[in-house]
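Novice: Dropping the structure in here first, questions after.
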Amino acid sequence: MGLGPRIDIRVSQQLVMTQQLQAAIKLLALSNLEIEAVIAEELAKNPLLDARPGEGAGGEGVVVREDREFGEEASDPTGSDELIGSKLGTEDSPVDMDWREAALETDSFADVGGGSGGDEAFDFDRLEGGESGLAEHLLAQLHGTGGTLGRLAEAIVNELEETGYLDTPLKVIADECQAGLKEADEALALVQSLDPPGIAARSLEECIALQARAADRYDPAMARLIANLDLLAKGRMADLRRICGVDDEDLADMVRELRGYDPKPGCQFVSKEAEAITPDLFVRKTKGGWIVELNNGALPRVLVNRRYHAELKRGPQDKASKAWLSDSLASANWLVKALDQRARTIVKVATEVVKQQQAFFENGVSALRPLTLAKVAEAIEMHESTVSRVTSNKYLSCDRGMFELKYFFGSGVSSESGEGAAAQAVKAAIRSIIEAEDEILSDDAIAALLKQRGIEAARRTVVKYREAMGIGSSIQRRRQRKMTAG
């Protein structure tokens, strides 16, 4: 049989991911902030789309819906004529009247205010943003210091780290300012004398020593204690008593005072704006059980402006215009339906999560159960990857606080009830046992107490969860208690 090219016809089936399907899948994983950006982009591109503010929380409320059919008149409940007729308007006031200018004739500008909007509230964030940082705070104290000393001090302040430490060698700063090392030492001493105490230190020991000097507590015993902070971290109190030449009571007072010093004095000037999180869902209890509501106020309602579409369709059009109008309408309809489907999918997944973790909403974190994405996906007949996308960057608000949907998923350990205990529940139990301990408990003892509570956890599990919460071992806790009590 000879070899040669030929044409064969074969029939096969395969899953094709269209661009719209890929976009719809992507929408599921986006947060509300990212969805707002997508909506804003589509509104800028498609004139047939319209957006209106959300209306707060609703049941299985859909964030989006289509606009009224063409021909239905939009009724203005209160027109200008009705307002004036009912004496609710300001018909006696000139339209172009500047009330601020009139008020300034009798009041000061500070009393009137300088905002441009008549109903705008005072911008307190502007005051907060005006707070000085570490460099501004120090430079204000150096005001009036001139000459080489002033230049060196300013250079040192500008080289300080966020924590207030000076990592740049003095010789480098002196060379940049074309000054001598002795003058740089004098400038450093000047900066270190500024508020807050401990600033411009080059090590932790120097930072603590500067604060002790400012408090007039830098005696020889305190100096030896600060020079041996490594022994204090190891809890070697007997060695410290011998080195410092003090008794137990004096050493305890010194350690207590040492703990009152700030190891990072510059951090008090670092202001980080708290990121506000808007919940996607609300969970509340009713007489009939728990209800999951979508936060419709978090997103604008996206509408298809069919009235405008009808107007464009009636106008003169060529072939390209008709194709563009048809594509714009199809794109608008798709976005409305995609956002509607996203909202329904989120509510469906969240409802199943609340059903599976109902004990948490009633009794708290100790009642959390192990839950996997596969279990929720099987219950609602969706793919596991869909559930994973839905629970990403989505937040749920209930009486117990705000939680990310991912919080309710996780592994756990076995329990006597057979349902198991979630990792968060085990961590909460370990923390409560350690906080209530009279005598320091070993990890084996904690595991035994967990077993009494119906949680089967091995010692290595206790160690893993304890370290994950940042809680020290029994030796570290015993040392910490001894230092605190001493």
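Novice: Considering only residues that are farther than 28 Å from residue 358 by Cβ and open to solvent by 40 Å² or more (accessible area, probe 1.4 Å), which ones fall in segment 418-440?
Specialist: Result: 438, 439.
Novice: Being part of a loop (DSSP other than H, G, I, E, B) and of a type in the set (Val, Ile, Thr) is the filter; apply it to segment 13-35 and report the residue that is surrounded by the most Cβ atoms within 10 Å (Cβ to Cβ).
Specialist: First, the residues of segment 13-35 that are part of a loop (DSSP other than H, G, I, E, B): 13-18, 30-31.
Retained after the next criterion (residues that are of a type in the set (Val, Ile, Thr)): 16, 18.
Working: 16: 6, 18: 8.
Once the filter is applied, the top-ranked residue is 18.
Novice: In segment 153-189, what count of residues is obtained for those that are touching a residue at least 24 places away in the same chain (Cβ under 8 Å) and either part of a loop (DSSP other than H, G, I, E, B) or open to solvent by 50 Å² or more (accessible area, probe 1.4 Å) (or both)?
Specialist: Matching residues across segment 153-189 total 11.
Novice: Which condition from (1) in a helix (DSSP H, G or I); (2) under 19 Å from residue 283 (Cα atoms); (3) in contact with a Leu (Cβ under 9 Å, 6 or more places away or on another chain) is the one that residue 393 breaks?
Specialist: Just one mismatch for residue 393, condition (1).
Novice: Looking only at segment 270-323, how many residues end up being part of a strand (DSSP E or B) and surrounded by 12 or more Cβ atoms within 10 Å (Cβ to Cβ)?
Specialist: So the count comes out to 15.
Novice: Additional query: For the structure I just gave you, tell me whether residue 345 is among the hydroxyl-bearing types (Ser, Thr, Tyr), closer than 18 Å to residue 32 by Cβ and out of contact with any strand residue (DSSP E or B) (no Cβ under 7 Å at 6 or more places or on another chain). Let's see the steps before the verdict.
Specialist: Numbers: among the hydroxyl-bearing types (Ser, Thr, Tyr): yes; closer than 18 Å to residue 32 by Cβ: yes; out of contact with any strand residue (DSSP E or B) (no Cβ under 7 Å at 6 or more places or on another chain): yes.
Against the criterion (among the hydroxyl-bearing types (Ser, Thr, Tyr), closer than 18 Å to residue 32 by Cβ and out of contact with any strand residue (DSSP E or B) (no Cβ under 7 Å at 6 or more places or on another chain)), residue 345 qualifies.
Novice: Has segment 360-383 got any residue that is closer than 30 Å to residue 48 by Cα and outside any loop (DSSP other than H, G, I, E, B)?
Specialist: No.
Novice: Another question, if that's okay. Restricting to segment 190-200, what's the tally of residues that are open to solvent by less than 60 Å² (accessible area, probe 1.4 Å) and either modelled with pLDDT of 90 or more or in a loop (DSSP other than H, G, I, E, B) (or both)?
Specialist: Summing the residues that are open to solvent by less than 60 Å² (accessible area, probe 1.4 Å) and either modelled with pLDDT of 90 or more or in a loop (DSSP other than H, G, I, E, B) (or both) in segment 190-200 gives 6.
Novice: Here's another thing I want to ask about it. State which residue is surrounded by the fewest Cβ atoms within 10 Å (Cβ to Cβ) when the search covers only segment 451-470 and only residues that are in a helix (DSSP H, G or I) and more than 33 Å from the chain's Cα centre (by Cα).
Specialist: Going through the qualifying residues, I end up with 452.
Novice: Note down all Cβ pairs under 8 Å where the first residue falls in segment 19-39 and is on the phi < 0 side of the Ramachandran plot and β-branched (Val, Ile, Thr), the second is open to solvent by less than 40 Å² (accessible area, probe 1.4 Å) and modelled with pLDDT under 80, and they're at least six residues apart or on different chains.
Specialist: 35/299; 39/299; 39/300
Novice: Tell me yes or no: at least one residue of segment 134-152 is under 22 Å from residue 267 (Cα atoms), touching a residue at least 12 places away in the same chain (Cβ under 8 Å), part of a loop (DSSP other than H, G, I, E, B) and not basic (Lys, Arg). Please lay out each step first, then the result.
Specialist: So the first thing to find is which residues in segment 134-152 are under 22 Å from residue 267 (Cα atoms), and the list is 134-142.
From what's left, touching a residue at least 12 places away in the same chain (Cβ under 8 Å): 134-135, 137-139, 141-142.
Pick out the ones that are also part of a loop (DSSP other than H, G, I, E, B) and you get 142.
Subset that is not basic (Lys, Arg): 142.
Yes, segment 134-152 has at least one match.
Novice: I want to confirm something. Restricting to segment 201-216 and keeping residues that are open to solvent by less than 70 Å² (accessible area, probe 1.4 Å) and assigned to a loop (DSSP other than H, G, I, E, B), which single residue is modelled with the lowest pLDDT?
Specialist: Ranking the qualifying residues of segment 201-216, first place goes to 215.
Novice: For segment 294-301, state whether one or more residues are modelled with pLDDT under 85, out of contact with any helix residue (DSSP H, G or I) (no Cβ under 6 Å at 6 or more places or on another chain) and under 30 Å from residue 133 (Cα atoms).
Specialist: no
Novice: State all residues of segment 225-261 that are free of Cβ contacts under 8 Å to residues at least 12 places away in the same chain, open to solvent by less than 70 Å² (accessible area, probe 1.4 Å) and touching a Leu at 6+ places or on another chain (Cβ under 6 Å); if no residue qualifies, say none.
Specialist: 239
Novice: Among the candidates 348, 337, single out the residue that is free of Cβ contacts under 8 Å to residues at least 24 places away in the same chain and in a helix (DSSP H, G or I).
Specialist: Just a single option satisfies the conditions, and that option is 337.
The values are calculated or read from the model by the stated rules, or taken from the named source; none is laboratory data. For clarity, every value in this text was computed on a predicted model and none was experimentally measured. In this analysis, Cβ positions are derived from the backbone assuming ideal geometry, glycine residues included, and neighbour counts consider all displayed protein chains. The protein model used for the area step is the full one, side chains on, heavy atoms only, and it has no ligands, DNA or RNA in it. Shrake-Rupley method; radii C 1.70, N 1.55, O 1.52, S 1.80 Å.
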